[in-house]
Amino acid sequence: MNNTPHAPVTVIGLGLMGQALAGAFLKAGHPTTVWNRTPAKAAPLVAAGARSAPTLGDALAASPLTIVCLTDYDAMYELLGANGVEPDPTTPIDTTPIDTTLINLTSGSAGQAREAAEWAERRGARYLDGAIMAIPPGIGTAEAVILHSGPEQVFADHASTLGALGTITHLGADPGLASLYDVAGLAMMWSVLNAWLQGTALLAKAGVDAATYAPFARQIAAGVADWLPGYAEQIDKGSFPAEVAALETDARAMEHLIEESEAMGVNAELPRLIKAMADRAIAAGHGGEQYPVLIEEFGKP
Ligand code: NAP
């Protein structure tokens with residue numbers, strides 16, 4: 001019903017990201033209502049055609065779909081009412097019904113997302129949690145990846161409106177999934193960047209500049225990325241036959257990386273960490289298996 005090309009939408013929270021979200025809805029032709037604690041931030045959006053809600057209650061009542069984008073989950077509860085998860089006798093639990101679909105694009109943990117989904121249910125709101133893997137200037141373009149999790153029907157009902165924000169994906173019914181994918185993506189991003197910086201620092205000692213090494217590094221990273229589906233199959237089966245190399249062969253190469261880093265006078269912390277994990281797996285009897293057997297090390301507390 002709400003999945004029409006120009007369904008009305010409300011955006012609560014007009015920080016850097018909230019302003020970009022509201023701007024993208026306006027640009028796509030959605031009647032857009034906005035609300036912010038500091039009302040002055042609504043001015044540029046009002047100039048672009050948004051309606052500034054006089055009160056928070058008005059903002060929530062204005063649209064079948066309400067996007068929340070605040071600093072953190074505490075700000076959301078402070079604004080929309082106590083969460084009631086850890087009842088505090090001095091703060092009565094707010095039970096005022098919220099009659100809209102809330103899409104919470106505030107960053108947080110999977111636990112906070114699940115808790116918020118329960119809170120929203122108690123308040124009568126339909127709820128999806130989300131994670132924005134983009135910066136404000138990218139919002140409204142296909143490069144902006146926006147992840148959602150929670151009831152599939154809620155996503156389907158609003159997918160066409162949400163699509164104004166970027167490339168949207170529904171990950172599953174568990175509201176915590178969007179946050180988990182978000183941090184998993186960050187782990188990937190920082191690991192790739194750190195590996196590249198390690199090599200760049202090493203090569204700099206031999207007079208090779210970063211720009212010269214970058215295309216080679218890119219080729220390696222893309223090649224390794226191609227291994228992921230096959231390695232994922234091994235992990236899902238729990239079977240790690242050494243089809244291309246055994247972990248103990250990798251471990252010897254790790255030792256070279258440590259020695260080279262130390263000899264060249266560059267930071268060897270990262271190579272030592274990687275080698276320590278491999279050594280533990282080898283000590284546990286996995287030296288003859290393939291690299292993804294390290295999942296067992298990553299899966300421990
Ligand atoms: P921001 O510019 O600092 O804006 C924060 C927003 O939260 C403002 O609208 C602020 O209102 C509001 N707020 C904070 N505490 C509040 C409270 N107690 N009651 C009511 N409103 C409150 O931050 P942002 O960059 O827009 O980020 C918002 C969310 O998007 C964060 O969770 C962030 O992690 C996520 N995100 C941001 C980016 C990015 O590149 N910016 C990228 C991905 C995800 P006032 O204007 O009144 O202070």
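The values are calculated or read from the model by the stated rules, or taken from the named source; none is laboratory data. Because the structure is a prediction, the values reported are computed rather than measured. All Cβ positions, even for glycine, are placed from backbone atoms using ideal geometry, and neighbour counts span all protein chains on display. Calculation scope for accessible area: heavy atoms of the full protein, side chains included, ligands and nucleic acids excluded. Shrake-Rupley method; radii C 1.70, N 1.55, O 1.52, S 1.80 Å.
Rolling a 1.4 angstrom probe over the protein heavy atoms with all chains in place gives the chain an accessible area of 53 Å² per residue.
Ranked by accessible surface with a 1.4 Å probe, highest first, in what order do K237, K27, K41 come?
Details: K237 150, K27 185, K41 90 Å².
Largest accessible area first, the residues go K27, K237, K41.
Relative to the longest principal axis of the C-alpha atoms of the chain, give the angle of the C-alpha long axis of helix 210-237, reported between 0 and 90° and rounded to the nearest 10°. It is inclined by approximately 80 degrees.
Treating each Cα of the chain as an identical point scatterer and summing with the Debye formula, the log10 of I(q)/I(0) at q = 0.09 Å⁻¹ comes to -0.61.
Where a ≥ b ≥ c are the square roots of the eigenvalues of the C-alpha gyration tensor, would you call region 1-66 rounded, which needs a/c under 1.5, or, failing that, prolate if a/b is larger than b/c, or oblate?
Values: a/c = 1.90, a/b = 1.29, b/c = 1.48.
Oblate, since a/c reaches 1.5 and b/c is not below a/b.
Taking F240, F155, F25 in turn, the Gaussian network model of the chain (Cα-Cα springs below 10 Å) assigns the largest fluctuation to F240. Summed over qualifying helices (DSSP H, 4 residues or more, each -39500 (n - 2.57)) and divided by its residue number, the chain shows a 222 nm mean residue ellipticity of -15500 deg cm²/dmol. Considering only G185, L26, T200, the residue lying farthest towards the positive end of the dipole of the chain is L26, judged by Cα position with unit charges set on Cβ. Axis angle, to the nearest 10 degrees, between helix 247-264 and the longest C-alpha principal axis of the chain: 90 degrees. Computed from backbone phi, the HN-Hα couplings of region 283-297 come to 4, 7, x, 9, x, x, 9, 8, 3, x, 4, 4, 3, 5, 5 Hz, rounded to whole numbers (Karplus: 6.51 cos²θ - 1.76 cosθ + 1.60, θ = phi - 60°; Gly and Pro given as x). Taking the longest Cα principal axis of the chain as reference, the axis of helix 152-162 is set at about 80 degrees. Between G166, G81, G288, the residue with the greatest mean-square fluctuation in the GNM of the chain (Cα pairs under 10 Å linked by springs) is G288. Accessible surface of W227, taken over heavy atoms with a 1.4 Å probe and every protein chain present, rounds to 130 Å².
Taking GluC sites (Glu not before Pro) in DSSP loop states with no more than 14 other Cβ atoms inside 10 Å as exposed sites, the chain has its longest site-free stretch at 1-142.
A Cβ-based charge dipole, computed about the Cα centre of the chain with Lys and Arg at +1 and Asp and Glu at -1, lands at about 1000 debye. Under a Gaussian network description of the chain, with springs only between Cα atoms under 10 Å, the residue in P215, P64, P175 that fluctuates furthest is P215. Surface composition of the chain: carbon plus sulfur atoms hold 61% of the accessible area, using a 1.4 angstrom probe and ignoring ligands, DNA and RNA.
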